[in-house]
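The values are calculated or read from the model by the stated rules, or taken from the named source; none is laboratory data. Fair warning: this is a prediction, and the values are worked out from it, not measured in the lab. Note: ideal-geometry Cβ built from the backbone for every residue, glycine included; neighbour counts use all protein chains shown.
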Amino acid sequence: MRALGIVVCALVSAGGAAAATFTFTPSATPVTVATVTLSGVDQTKTFTIANTVAYTGGSNNAGWKVQAAATTPTSGSNTLPALTVTAGSSACQSSCTTNPTNSIGYPLTLSGTAQTIYNAALNTGKGTFTVTSTFQVSYASNIFPGTYTSTVTLTGSTGP
């Protein structure tokens, strides 16, 4: 049996807001996924990335969204299937007046094109929240050992 691991690096950018103040702050990076011992059986591992979304002030609430794009996990010329997002949640940090109403259906398969992985509908998500997304890595029974890496790019902006 051989062990292998995956390292995910997250890059982050922030979006702006119109009538309210919007900020998107990432958690520390990179994320290292637990090592898998190859055993001839398909396996999956999950990891989470938590970000802070603050939508405060103003009387207009356009909602907001967190988006993600990811490169295919690779180790040399070997690849794993695309990362998936299997869940998203939020928790109030401070000054929350309206919890986010998330309309995203899971699981989502990530690609190089950004897609919404968590959102707050119009007139929801007012306050400062920790938004946690659960990502999944799949390991086929016949993959080659190695350290697989993927870059996850996370962005936040106003609008559901």
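Before we move on, is Thr116 farther than 24 Å from Val41 by Cβ and in contact (Cβ under 8 Å) with a residue 60 or more places away in the chain?
No; evaluated as a whole, the condition is false for this residue.
How many residues are part of a strand (DSSP E or B), of a type in the set (Ser, Thr, Tyr) and exposed (fewer than 13 other Cβ atoms within 10 Å of the Cβ) when one looks only at the range 33-47?
Within the range 33-47, residues that are part of a strand (DSSP E or B), of a type in the set (Ser, Thr, Tyr) and exposed (fewer than 13 other Cβ atoms within 10 Å of the Cβ) number 3.
Please identify the pairs in which a residue from the range 89-110 that is under 20 Å from Leu122 (Cα atoms) has its Cβ atom under 6 Å from the Cβ atom of a residue that is among the basic types (Lys, Arg), counting only partners at least 6 apart or on another chain.
Thr97/Lys126; Thr98/Lys126
Here is a check on your reading of the model: is Thr155 of a type outside the set (Gly, Ala, Ser), surrounded by fewer than 17 Cβ atoms within 10 Å (Cβ to Cβ), within 17 Å of the chain's Cα centre (by Cα) and assigned to a strand (DSSP E or B)?
It is false that Thr155 is of a type outside the set (Gly, Ala, Ser), surrounded by fewer than 17 Cβ atoms within 10 Å (Cβ to Cβ), within 17 Å of the chain's Cα centre (by Cα) and assigned to a strand (DSSP E or B).
Restricting to the range 20-32, name every residue that is outside any strand (DSSP E or B) and hydroxyl-bearing (Ser, Thr, Tyr).
Selection gives Ser27, Thr29.
Does any residue in the range 134-155 that is on the phi < 0 side of the Ramachandran plot come within less than 8 Å, Cβ to Cβ, of a residue that is acidic (Asp, Glu) six or more places away or on a different chain, and which pairs are these?
Final answer for the pair search is Ser138/Asp42; Tyr139/Asp42; Ala140/Asp42; Ser141/Asp42.
Name, by its number, the condition in (1) modelled with pLDDT under 95; (2) farther than 30 Å from Thr35 by Cα that does not hold for Val53.
(1)
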